[in-house]
1. For the structure I just gave you, tell me whether Thr484 is out of contact with any strand residue (DSSP E or B) (no Cβ under 8 Å at 6 or more places or on another chain) and part of a loop (DSSP other than H, G, I, E, B).
2. For segment 451-469, how many residues meet the condition of being within 30 Å of Ser63 (Cα to Cα) and crowded, with 20+ Cβ neighbours inside 10 Å?
3. Is there a residue being β-branched (Val, Ile, Thr), under 30 Å from Val216 (Cα atoms), over 20 Å from the mean Cα position of the chain (by Cα) and in a loop (DSSP other than H, G, I, E, B) anywhere in segment 139-162?
4. Out of all the residues in segment 7-33, which are in a loop (DSSP other than H, G, I, E, B), more than 13 Å from Gly80 (Cα to Cα) and out of contact with any Leu (no Cβ under 7 Å at 6 or more places or on another chain)?
5. Only one residue in Leu209, Leu223 is in the same structural domain as Ser237 (by TED's automatic domain parsing), crowded, with 21+ Cβ neighbours inside 10 Å and among the aliphatic types (A, V, I, L, M), so which one is that?
6. Regarding Thr531, is this residue out of contact with any helix residue (DSSP H, G or I) (no Cβ under 6 Å at 6 or more places or on another chain) and among the β-branched types (Val, Ile, Thr)?
7. Only one of these is in contact with a strand residue (DSSP E or B) (Cβ under 8 Å, 6 or more places away or on another chain) and basic (Lys, Arg): Arg219, Arg305, Arg274. Name it.
8. Please state which one of Ile511, Ile534 is in a helix (DSSP H, G or I), of a type in the set (A, V, I, L, M) and at pLDDT 95 or above.
Amino acid sequence: MIIDYQSASHPGDIETDLCIIGAGAAGIAIAHSFIGTPVNVCMIESGGLSGEQRNQALYEGASVGSPPFDPGTSRMRVFGGSCNLWGGGCIPLSRQDLSEREWVPHSGWPLSYSELKPYYTRARSFCQIDSHDFEDGSFLTPLARPPLPFDDDKLVNQIFARSPILFGEAYREQLEHAPNIKILLHTNLLELHASPGGSCVREAHIATLDGHRGVVRARHYVLACGGIENARLLLLSDSTVPQGLGNQHDLVGRFFMDHPSGKLGTVHTDQPHRLTRPYDRELGKGPRPTFPEIGLAHEAQKTHRLLNGRVHPFAVEGPTPKGIRALRDLRAALRPPVRDEGALLEARLCAAMKNGSTRLDGAAAMPEESIGVLALRLGLGAGDIVKAFLHKVTDKPTVRATHVDLVGYFEQAPNPHSRITLSHERDALGQRKVCVDWRLTPLDLRTYRTAATLFGNELAQACNGRFEPEPWVTEDTMPLVRGTAHHIGTTRMSDDPRTGVVDRHCRVHGIDNLHIAGSSVFPTGGWAFPTFTIVALSLRLAEHLRGALMTCASTGML
């Protein structure tokens, strides 16, 4: 059942077995695991079924670190979560990503790759990519075109699979019709109210922007609101425990990480397509295509004492032939404009994260000429289109590239001084807004510069070219990097409550019935897109909770 909590017929206080706060990838994966069981689940989602600016505004906050970080545009408050904006990339972490590395302070998971692997297998099915086998940081599916060969001690090709689904769309109907699942939309968690001493959560206080308030009482609670909001909500839950829940060792919000990204340099070559075509994501085949990414070999990370990272070569087109330009303009003119609030919000967030090219007015660079003029231009450029077709047949790009930009994406070192705190400003619900202090370490900076040279020289050699690094790579200046909206580490996992917020079962240390789902529990993040691991850990947590709650059901305690 899906209920809009801000409607006039909203329910009063709710009694349930399991309360999940957040309906993104993690929350939906957990709720889906309970369909058809005797366990009653209530899932709370702040947004609606599509994006709304008034809800999105609740994500706004401050940035005090370097590089700057905008918490309001790097995530989405809606049913389905920020994965409404994702590109579908799925790849497992490697054994080394999970291991303690003596050159990476605070590294090492309490879980091994072999412990995670069964849940990666289940995550394949949930992400609807179960046709692809995987192993140790890569899928194993043969590729449509062979990637470049590399020295295995330096660079490796790691394969990711693209999921064809958005979780909110794919699983909404099943969740809506499940008799034991209740979803509350437009419902914001104000506080998890704990018992005296904070050993268990007694109730979740909820509210809408229109003033409705209520309480959810459950046996178990799961926070699944993302790497920033999970920490914020724990810190806001301070009426019984002044420092916030799970924060007895001042760890909630610390070790905030992303996957910093930036242009490393340019490869100048007469054969740019040789470098870019094997890695072109527009050339995937089938509904669940796989693509290679160029990563740092484990041996290179050990030898140079670096963090993990990858690089993607982007072809930079030369002058576009008139016929090709006319064809592109005609396609844009025939594309229907987007007008609804949700789509416009998605376009704005994609533009802010540079994950899309749609303009904010939904017109996607709409040409000013009429359809008739565009058709005439197309006819005059027919020769260019014929040439482009011949290029496609011979697997060459439609428009020749003048050079190749190399963009790096890197793991970030765990840093206790990179953190999420609460600011003194308040949102529309009267809650303190988030403050992000995102910081890079000397190991981060050394990784970018060393890896840039390694990536650039190897890729230039592969296409008989020359690598020209960006000035910041060779100069002692702040690197030009930005986040990629992969929020990691603010409620990190550890068996020791002095070094982590949750244990290996994602239970908050010292609190019997509160668990956390999502990448906020990752101790380190590798370079891998985090969603596949988020789903795997969520399915593992669901299994753990199902065992506990089903035991209660069998003894008549539910």
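1. Values: out of contact with any strand residue (DSSP E or B) (no Cβ under 8 Å at 6 or more places or on another chain): no; part of a loop (DSSP other than H, G, I, E, B): yes.
So Thr484 fails the test.
2. Our first condition is that a residue be within 30 Å of Ser63 (Cα to Cα); within segment 451-469, this holds for 451-452, 469.
Those still in the list that are crowded, with 20+ Cβ neighbours inside 10 Å too: 451-452.
Of the residues in segment 451-469, 2 are within 30 Å of Ser63 (Cα to Cα) and crowded, with 20+ Cβ neighbours inside 10 Å.
3. Taking segment 139-162 first, the residues β-branched (Val, Ile, Thr) are 141, 156, 159.
Filter once more, so that each one left must be under 30 Å from Val216 (Cα atoms): none.
There is no residue in segment 139-162 that is β-branched (Val, Ile, Thr), under 30 Å from Val216 (Cα atoms), over 20 Å from the mean Cα position of the chain (by Cα) and in a loop (DSSP other than H, G, I, E, B).
4. Of the residues in segment 7-33, the ones in a loop (DSSP other than H, G, I, E, B) are 7-13, 16-17, 22-24.
Then keep just the ones that are more than 13 Å from Gly80 (Cα to Cα); that gives 7-13, 16-17.
Once the filter is applied, which keeps residues that are in a loop (DSSP other than H, G, I, E, B), more than 13 Å from Gly80 (Cα to Cα) and out of contact with any Leu (no Cβ under 7 Å at 6 or more places or on another chain), segment 7-33 yields Ser7, Ala8, Ser9, His10, Pro11, Gly12, Asp13, Thr16.
5. Values: Leu209 fails: crowded, with 21+ Cβ neighbours inside 10 Å.
Answer to the check: Leu223.
6. Details: out of contact with any helix residue (DSSP H, G or I) (no Cβ under 6 Å at 6 or more places or on another chain): no; among the β-branched types (Val, Ile, Thr): yes.
When the stated conditions are applied, Thr531 does not pass them.
7. Working: Arg305 fails: in contact with a strand residue (DSSP E or B) (Cβ under 8 Å, 6 or more places away or on another chain); Arg274 fails: in contact with a strand residue (DSSP E or B) (Cβ under 8 Å, 6 or more places away or on another chain).
Selected residue: Arg219, the only one of Arg219, Arg305, Arg274 that is in contact with a strand residue (DSSP E or B) (Cβ under 8 Å, 6 or more places away or on another chain) and basic (Lys, Arg).
8. Values: Ile511 fails: in a helix (DSSP H, G or I).
Unique residue meeting the criteria: Ile534.
The values are calculated or read from the model by the stated rules, or taken from the named source; none is laboratory data. All values reported here derive from a predicted model rather than from experimental measurement. In this analysis, Cβ positions are derived from the backbone assuming ideal geometry, glycine residues included, and neighbour counts consider all displayed protein chains.
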